[in-house]
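Each reported figure results from applying straightforward, stated rules to the coordinates on display, with no laboratory input. Everything numeric in this text was worked out from a predicted model, so none of it was measured. Cβ sites come from the backbone with ideal geometry, for glycine too, and all protein chains shown count toward neighbours.
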């Protein structure tokens, strides 16, 4: 029984596999397919390798076929490789036709019962029609119209689209199908996409995943998992306890759970006087953890490692950023960070498999991964990613930069708020600035940095208020200097930032840029600037002087109840298209994630920083978030259409 009950050699479980455990995704996927809709349905299941996607597809398709619903199961990896949209659409449609031709009695209009012949006739007779449109017309007129049953097309391994650079084309095509209302036959059709991919990779530069269709999350195994217990009965009289010990190691990861169950079932019987937990601990240590690279079944662990290491040079920065977040999770506990669906780094970790989502938080997936993918492993990955990297991408990380800190010295800084408590805003800010400067100047413990690497050796500090500026900044080499600086520079009058910011920019252009150093301009303020037009002119001037938007960043950190959040957010996300490049970001001092200024600076260098909304913005300004994301999607759609996409 033990040799065949579990699936430890990989691959999807067959529909009647005795060890298959149903999850919430099973019910949601069935519900999605059965629902009546006004047009084509689309759903997607994005999850790590060997997490049960194919098993879910097999199980669902089998149930649907028993309900007289036609289900096609396709894998993009079967199609080979493509260098054009025409070849991709034709070959995908040909596979659909091949599968449909297998169904006896399928009514094929005018083809003599052969869809392949119909496809060849129609496809080559319309050479001037875009491939996506030909695909849609053939589906509608040759398949759906003469068909009186629901048709569900499962497409597995959709990450292949990314390798072929066809993801935008195909996702756009599916979106058009889902929005078509004047062709009734389309409501018989549904697509289910499955694969190992981040939403931001499937729609380039659009991190809010898809704005159509339905996403189904594939959770890990929980509960008593009774089907798994049955396979353990040959080895123990207490299968529930044994399975509980197994799940405590695997966290319900399907493949690892099947492997451990298989090891128990094939091993010697567990006598009642054996400590079950210790027995499973030893099993894990000897058969999985010990020399894990050699024992790795089906390259499960290597697959996770390669997710971070085998990447294009352009992806190295994002992988380094994701690993930094993972390091923080390792250090702080099992569940310590709120999941941000807008953050591609969070998705990167989820799709790798080393973290999972528990409610609204990121959590370490299981004890096995924690032992294998530990801090030493993280350091190895960082060193690997950084080989020959810094020279080719000097502005890709937060390091080797000039840092200018501009502190609002206006009279309103003497006020007190709920956030600042018994302190004035100015007193409260002193401690914040001291902590931030200490992080910036320190030889960092950040795993994305090389040994001894840091942002800079000194920080240039200016206090701004009047419509004037000191000729030279205050040079700070030790955060302990901050207290005396705040004592010597008391709040004064208005909030003029233009002269000070222009002076900082001049210094960087003359001294930093000429030596290939990037720059951060960190501005602490409690209100709008009295010379906002001059401030915007300075930003525009900076854009004219740079080769990359990652070269400089203007980081505005607001404080107090007088801060005009909406105005600063509009500058950050360039709502009015006043700034040519994405070089401005805004956040609230008291909303920084774990008060980590380095994480905030790093976030702004990500490829998707233009839509990196902080959690509090999404919660307090949902209409603003919707407006910005829709405008961003519109730009992408227009760009796709102008490039000739179907």
- [ ] For residue 148 paired with residue 299, estimate the spin-label separation in nm (one decimal), with each label point 7 Å from Cα along the Cα-to-Cβ line.
- [x] 4.9
Task: Cβ crowding within 10 Å averaged over residues, with 294-304, 188-198 ranked highest first - done: 188-198, 294-304
Task: Using alpha-carbon coordinates, inclination of helix 254-266 to the longest axis of the chain, degrees - done: 50
- [ ] Please report, to two decimal places, log10 I(q)/I(0) for segment 24-215 at q = 0.09 Å⁻¹ as given by the Debye formula with identical point scatterers on the Cα atoms and no solvent.
- [x] -0.31
- [ ] Using R₀ = 45 Å, calculate the FRET efficiency as 1/(1 + (r/R₀)^6) where r is the Cβ-Cβ separation of residue 27 and residue 591; round to 0.05.
- [x] 0.75
Open item on the list: Using a Debye calculation, one point per C-alpha and no hydration shell, please list log10 I(q)/I(0) for segment 291-400 at q = 0.13, 0.14, 0.19 Å⁻¹ in order.
Closed with: -0.49, -0.57, -1.02
Task: Neighbour-count ranking [beta-carbon atoms within 10 angstrom, fewest first] of 347, 377 - done: 377, 347
- [ ] Work out, step by step, the length gained on full extension between residue 275 and residue 311: first 0.36 nm times the residue separation, then minus their alpha carbon distance; give nm to one decimal.
- [x] 8.6 nm
TODO: Assuming 1.002 mPa s and 20 °C, estimate D for segment 474-568 with Stokes-Einstein, Rh taken as the Kirkwood radius over Cα pairs, in µm²/s.
DONE: 143
Task: Nearest 10 degrees, 0 to 90: helix 115-125 Cα axis against the chain principal axis - done: 50
- [ ] Please state, to two decimals, what the Cα-based radius of gyration of segment 401-604 comes to when divided by 2.2 N^0.38 Å (N = residues).
- [x] 0.96
Task: Two-site FRET efficiency, residue 212 against residue 431, from Cβ-Cβ distance with R₀ of 35 Å, rounded to 0.05 - done: 0.15
Open item on the list: Using a Förster radius of 45 Å, what is the FRET efficiency between residue 419 and residue 543 based on their Cβ-Cβ separation? Nearest 0.05, please.
Closed with: 0.85
Open item on the list: Given the chain, report the % of alpha carbon pairs whose separation exceeds 49 Å.
Closed with: 25
TODO: Identify the residues of segment 162-183 with backbone N under 15 Å of a label point that sits 7 angstrom from the Cα of residue 126 along the Cα-to-Cβ direction, or state none.
DONE: 177, 183
Task: Angle between the chain longest axis and helix 622-642 axis [Cα atoms, degrees, rounded to 10] - done: 70
Task: Three semi-axes of the equivalent ellipsoid, segment 255-307, Cα gyration tensor, whole Å, largest first - done: 25, 11, 8
Task: Ranked packing of 315-326, 252-263, most packed first, by mean Cβ within 10 Å - done: 252-263, 315-326
Task: Cα centroid of segment 25-52 to Cα centroid of segment 217-272, whole Å - done: 27
Task: Additional length obtainable on full extension of the chain from residue 380 to residue 627, 0.36 nm per residue less Cα span - done: 84.8 nm
- [ ] Starting with the fewest neighbours, write out 381, 543, 40, 538 ranked by other beta-carbon atoms found within 10 Å of each beta-carbon.
- [x] 543, 381, 538, 40
Open item on the list: Just to be sure I understand: if I project the alpha-carbon convex hull of segment 525-611 onto a plane and average over all orientations, what area do I get in nm²?
Closed with: 5.6
Open item on the list: Please list, by residue number, everything in segment 232-273 whose backbone N is under 18 Å from a paramagnetic label point 7 Å out along Cα→Cβ of residue 282.
Closed with: 235-238, 242-243, 245-246, 249, 260-273
Task: Highest average packing first - 504-511, 337-344, Cβ atoms within 10 Å - done: 337-344, 504-511
